[in-house]
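The block underneath contains the structure these notes are about, expressed in structure tokens.
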Amino acid sequence: MSHPPSKLSPRVLVTGAGGFIGGHLVAELRRRGVGPIRAVDVKPIGEWFQRFDDVENLRLDLRDAGACHTAAAGVSTVYQLACDMGGMGFIENQKAACMLSVLISTNMLVAARDAGVERFFYASSACVYNAEKQKDADVVALREEDAYPAMPEDGYGWEKLFSERMCRHFREDFGIETRIARYHNVYGPHGTWDGGREKAPAAICRKVIEAKASGDLEIEIWGDGSQTRSFTFIDDCLEGTLRLTASDVIDPLNVGSEELVTIDALVGVVEEIAGVRLRRRYRLDAPLGVRGRNSDNTSIRAALGWAPSTSLRDGMERTYAWIHDQFHAVSRVARTGT
């Protein structure tokens with residue numbers, strides 16, 4: 001059954017708000033005067049990447065159905081970003097943990113239905129795309145229809161594709177206006193840059209910074225360096241998310257850059273920013289994911305009159321500067337204790 005239009009206050013819920021994209025999304029919503037905002041994450045609030053005192057910050061485990069109902073109470077719009085994920089090393093080695101995020105997506109949809117939520121944004125991933133279309137480094141950019149026939153990234157990709165279908169059917173059966181973005185390798189400041197869950201842009205920034213600081217001018221690169229990706233700066237991710245959520249587009253859309261680069265070229269960009277040249281050591285047994293992946297932005301341009309446009313160089317300069325400061329702050333504490 002469908003729900004009548006909600007008479008709730010325009011409270012916005014951001015799940016996964018303690019994470020990289022979620023923290024930036026809360027910051028952007030505040031900047032635009034949207035609210036009141038409820039921010040939820042499973043991590044201790046003191047460990048969130050970004051936290052704001054004028055936001056209702058809750059620590060909840062959204063794998064639990066009751067926690068999802070608490071999060072959704074009195075809310076009119078949900079941004080569902082919460083999941084257990086990381087870079088390729090995590091995705092390749094933690095498939096069951098990635099799949100268990102389906103509990104979050106399912107429970108949040110049920111809670112949103114029961115609370116009379118009007119609009120539900122779901123953060124999906126380019127990992128939903130058929131692996132057969134991503135075997136060549138010189139990859140053809142992925143269109144939204146390339147997700148089927150289904151053969152997504154094992155674990156994480158399957159969970160995302162299943163949750164996309166859940167969103168579709170909750171819209172059809174219960175009248176919740178669901179919106180779905182397929183994010184392509186989002187990066188930027190205020191995110192994970194060490195510890196094993198970081199993605200390639202942050203990992204490479206950290207490795208270059210470490211090499212320069214230590215004087216050991218060598219970098220380990222996962223794979224042979226010729227695998228390709230496009231990387232989406234966080235500002236473009238946020239703009240695409242908010243435009244899509246406010247739109248009438250009911251089908252999934254790519255939110256990704258079309259600037260395809262090799263991993264070797266990405267390392268070269270960071271070397272230029274850092275003013276250093278490093279010897280390259282290729283680790284061929286490391287987790288790699290697909291051989292090539294790029295975003296086709298035909299649909300988002302047609303639907304929203306917009307597409308991501310931040311250049312890789314500009315985005316990486318800002319990312320490198322932030323990780324550089326974090327790295328040296330941590331190093332200073334390790335040396336001095338302050």
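Rule-based calculations on the coordinates, nothing more; no lab input. Worth saying up front: this structure is predicted, and the values here are computed from it rather than measured. Backbone-built Cβ (ideal geometry, glycine too); neighbour counts: all protein chains shown.
Laid out as a table, the results:
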| read-out | value |
| --- | --- |
| Shape call, region 271-322: gyration tensor on alpha carbons, a/c limit 1.5 | oblate |
| Estimated 222 nm signal from helices in the chain, with DSSP H stretches of n ≥ 4 weighted -39500 (n - 2.57), rounded to 500 | -12500 deg cm²/dmol |
| Set of aspartates and glutamates with alpha-carbon distance to K212 below 17 Å, sequence-local pairs under 8 removed | D194, E220, E271, E272, E317, D325 |
| Cα-centred dipole magnitude for the chain, charges only on beta-carbon of K, R (+1) and D, E (-1), debye, nearest 20 | 540 |
| Shape call, region 45-122: gyration tensor on alpha carbons, a/c limit 1.5 | oblate |
| Kirkwood Rh (inverse of mean 1/r, distinct Cα pairs), region 206-264, angstrom | 14.5 |
| Residue order, fewest to most beta carbons within 10 Å, for K160, K43, K133 | K43, K133, K160 |
| Amide H within-cut-off set for F121, under 5 Å, with H built and near neighbours excluded | V78, Y79, Q80, R179 |
| Sequence of H169, H184, H24 once ranked by neighbouring C-beta atoms within 10 Å, starting from the fewest | H169, H24, H184 |
| Charge dipole magnitude, Cβ of K and R +1, D and E -1 - region 233-284, Cα centre, debye nearest 20 | 640 |
| Residue among G315, I104, S214 farthest towards the positive dipole end of the chain, charges placed on Cβ | S214 |
| Residues with amide H under 5 Å from that of E259, placed H, sequence gap 5 or more | F231 |
| Region 190-228-region 137-183 distance, computed between alpha-carbon centres (Å) | 30 |
| Least to most buried among L100, L13, L253 (fewest other Cβ within 10 Å first) | L100, L253, L13 |
| A303 paired with V140, simple spin-label distance in nm, labels 7 Å along Cα-to-beta-carbon | 2.1 |
| Helix runs (DSSP H) in the chain reaching 15 Å along axis by Cα, Kyte-Doolittle at least 1.0 | 102-115, 263-274 |
| Positive dipole terminus of the chain, leading residue within G305, G268, C205 (C-beta point charges) | C205 |
| Cα gyration tensor shape for region 199-317, rounded if a/c is under 1.5, else prolate or oblate | prolate |
| Amide H contacts under 5 Å for N57, placed H, 5+ residues apart | A39 |
